[in-house]
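This report concerns only the one structure given below.
The values are calculated or read from the model by the stated rules, or taken from the named source; none is laboratory data. As the structure is a prediction and not an experimental result, all values here were calculated from the model. Cβ atoms come from the backbone with ideal geometry, glycine included; neighbour counts cover every protein chain shown.
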Amino acid sequence: MSTNTAKPRVKAVTAKKLARRDGSFVAANALMTRAPSLADPAMASKLKAFKKEVTRTPEAANDFLRKIGLVTPSGRLSKTYGG
């Protein structure tokens, strides 16, 4: 009795080909080649505006911390971060 231990041949699909199928080759290629840099002046201005928005009121800051999972809805530190 013979058993077939050979692995099935699977054709590898590259990210470039996937990008062509869904029509977003340029966007996918840009994401693969370069990550956003915090030193980029455009990114720095966006971060500054975001910080201003989030720290405007204590309620806004708490909402942000809840959204990212740092604190629970009751305002306590989540278990993931030592609470």
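From the list Lys51, Lys7, Lys16, pick out the single residue that is outside any loop (DSSP other than H, G, I, E, B), exposed (fewer than 12 other Cβ atoms within 10 Å of the Cβ) and either at pLDDT 55 or above or touching an Asp or Glu at 6+ places or on another chain (Cβ under 7 Å) (or both). Criteria check complete, one pass: Lys51. For the stretch 70-83, filtering for residues that are within 23 Å of Glu53 (Cα to Cα) and in contact (Cβ under 8 Å) with a residue 12 or more places away in the chain leaves 2.
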